[in-house]
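The values are calculated or read from the model by the stated rules, or taken from the named source; none is laboratory data. Everything numeric in this text was worked out from a predicted model, so none of it was measured. Here the Cβ positions follow ideal geometry from the backbone for every residue, glycine too, while neighbour counts run over all protein chains shown.
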Amino acid sequence: MGHVLEKVLADVCARWMRLQGDEVRFQVGTDEHGVKIQRTAEKEGITPKELVDRNTPLFRDLFDRLQISYDDFVCTTDKEHHWPTVIALWKRLQEAGVLQKRSYTGLYCSGCERFMTRRDLVDGMCENHKIAPEEVMEENWFFLLSRDTSWLKALLKDRKNGYVLEPEFRAAETLSLIEQGLEDVSFSRPKKSLSWGIPVPGDEEQTMYVWCDALTNYISTLGYFTDHEDKNFWENAKVMHVIGKDIARFHALCWPAMLKNAGLPVPPPQKLLIHGFLTNEGQKMSKSLGNVVKPEDVIKHYGVDPLRFYLLHEVPVGRDGDFSWDRFGKLYDAKLRNDIGNLLNRVLVLFQKENGVLVDFGKPDFITMKYDMYKKAMDAFDCSVALHEAVQIAVDSNRYIDEKKPWELKGKEKANVLSQLAEALRYLSLTLLPFIPETAQKISRQLNVPYAERMLQRDFVIGDLKAWGVCIDWKTVGKPEILFPQVE
């Protein structure tokens, strides 16, 4: 569910950018190396490659079913497209003098795939995985992150031209890490401890550590340091990473320092969108507690769009959120079935008695949601706020029906009220499009909106369609179909 939260959030951002007319490259993938993979494979009696070859398609299939509109899917085991960039980057860092081999004794959490200090622990255990880290003594290559302390501090403090972390309080957390003093980062492990990964160039007894390997995926898919290098989406674009709070420090500190020392422009990324964790009924999801929620179960019970809707409606960006089956059911009935689904059904049923003909759309005085407010929230990737604004259109429309009682009206007055409500629903479908795309298109199809069939195409742009009454060639509505069936 944590993967689902992250990918859906990133998908909403990508869809919104496309709807504004931006050219977008959206990539996701799987980080397939590391101690966790190696140990899990050993327990199952299979090789790490067999494990990732089995599991990666499951993630990809899940992302496809969730309508994640990615343009590229990268695997860190891809020797043809990923490894060449990683190896070249390592060599550049080595030439820059920021990689140093040294003996080290430290506390290692296999769950986090990183060495920890005692100040990172709570009662001697990793706060995220609730296990005591292993004490490890070995010789590793280290990335000399501490050398860039002053530079990183300046980069993060410059919210206009620097490396922007959203929400802003996450930037304050990261700056506090710098104030506490940055430590150099282990960038390799001995092959005897970690064999599953990319060998260190010139030192075959060492395996690259996960961060040098995994972070580089952002530019390996662009062919950096190869004969098919395409810098356009890195050096001429606005770049944003969507990541979890538990690995924010590596993206906010290690990654820009790696880019700088490798001779690449910094920033990008101009923005780091950091999401929180997802709990279950207030408790951290854990296999040992038996409270892990499987996305497949939610999709089977309610469908894809309801799951997307729940996560984006209930989890403010940057904050932790909670999954509750009870809350899910209530939200499904109240917002999706009633506010949105029943509104569309009521309006179209009434329209059938008027031959489905649209007349004057009038002025949207009954709509309290302002598109500028919605757009401001979306541009800031404050998705939960934006979605609440969108749903307000349905709330206002239902209230308007109750006030006007169109079933008691006749003639032109009734036709005008119904036409205004149809236009409100058209407007609603546009604002819902980044969040629940298939539902948004279904609404427009039932309304018989002329552009309905184009709404899920990547070149579809909202543009002037946000203006009230702009569809002058829209003359009739269609027949109602149930959007959200009742779920026991």
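For the reader, a short list of remarks on this structure follows.
- Unique residue being within 20 Å of Leu311 (Cα to Cα), surrounded by fewer than 15 Cβ atoms within 10 Å (Cβ to Cβ), touching a Lys or Arg at 6+ places or on another chain (Cβ under 9 Å) and not small (Gly, Ala, Ser) when the list is Val487, Val391: Val487
- One residue from Val266, Val298 being outside the structural domain of Trp16 (by TED's automatic domain parsing), hydrophobic (A, V, I, L, M, F, W, C) and surrounded by 14 or more Cβ atoms within 10 Å (Cβ to Cβ): Val298
- Selection count where residues are surrounded by 14 or more Cβ atoms within 10 Å (Cβ to Cβ) and out of contact with any strand residue (DSSP E or B) (no Cβ under 9 Å at 6 or more places or on another chain), scope the range 347-371: 12
- Counted residues, the range 189-201 - those being without any contact (Cβ under 8 Å) to a residue 60 or more places away in the chain and surrounded by 14 or more Cβ atoms within 10 Å (Cβ to Cβ): 3
- Meets criteria (in the same structural domain as Ala10 (by TED's automatic domain parsing), in a helix (DSSP H, G or I) and modelled with pLDDT of 95 or more) for Asp148: yes
- Residue within the range 94-108 that is part of a helix (DSSP H, G or I), at pLDDT 95 or above, touching an Asp or Glu at 6+ places or on another chain (Cβ under 8 Å) and surrounded by fewer than 18 Cβ atoms within 10 Å (Cβ to Cβ) present: no
- Note on the range 220-322: enclosed helices (runs of 4 or more DSSP H) holding 2 or more residues that are farther than 26 Å from Arg114 by Cβ are 232-235, 295-302, 304-314.
- Of all residues in the range 27-80 being aromatic (Phe, Trp, Tyr) and surrounded by fewer than 19 Cβ atoms within 10 Å (Cβ to Cβ), the one that is nearest to Val8 (Cα to Cα): Tyr70
- Answer residue from the range 317-349, given it is of a type in the set (Asp, Glu) and within 24 Å of the chain's Cα centre (by Cα) and is nearest to Glu408 (Cα to Cα) among those: Asp322
- Residue that is nearest to Gly181 (Cα to Cα), among those in the range 86-125 that are of a type outside the set (A, V, I, L, M) and under 25 Å from the mean Cα position of the chain (by Cα): Arg114
- Condition check for Leu156: hydrophobic (A, V, I, L, M, F, W, C), without any contact (Cβ under 8 Å) to a residue 60 or more places away in the chain and farther than 21 Å from Ser103 by Cβ: no
- Any hit, the range 338-346, residues being farther than 25 Å from Ala380 by Cβ, among the small types (Gly, Ala, Ser), assigned by TED's automatic domain parsing to the domain that holds Leu447 and touching a strand residue (DSSP E or B) at 6+ places or on another chain (Cβ under 6 Å): no
- Under the condition of being in contact with an Asp or Glu (Cβ under 9 Å, 6 or more places away or on another chain), closer than 19 Å to Ile247 by Cβ and outside any loop (DSSP other than H, G, I, E, B), the residues counted in the range 1-36 number 5.
- Every condition in (1) among the charged types (D, E, K, R); (2) free of Cβ contacts under 8 Å to residues at least 24 places away in the same chain; (3) crowded, with 17+ Cβ neighbours inside 10 Å; (4) more than 15 Å from Gln420 (Cβ to Cβ) is met by Arg337 except one, and the failing one is (2).
- Annotation note: of Asp382, Asp396, Asp459, the sole residue that is surrounded by 16 or more Cβ atoms within 10 Å (Cβ to Cβ), over 20 Å from Pro364 (Cα atoms) and either among the acidic types (Asp, Glu) or in contact with an Asp or Glu (Cβ under 8 Å, 6 or more places away or on another chain) (or both) is Asp382.
- Only residues that are touching a residue at least 60 places away in the same chain (Cβ under 8 Å), farther than 29 Å from Val164 by Cα and either assigned to a helix (DSSP H, G or I) or not assigned by TED's automatic domain parsing to the domain that holds Ala424 (or both) were counted in the range 357-397, giving 1.
- Only one of Leu177, Leu215 that is closer than 26 Å to Val239 by Cβ and surrounded by fewer than 19 Cβ atoms within 10 Å (Cβ to Cβ): Leu177
- The residue list Ile436, Ile401 contains one member that is crowded, with 24+ Cβ neighbours inside 10 Å and either of a type in the set (Val, Ile, Thr) or over 18 Å from Gly469 (Cβ atoms) (or both), which is Ile436.
- Test: Val74 is aliphatic (A, V, I, L, M) and part of a strand (DSSP E or B): yes
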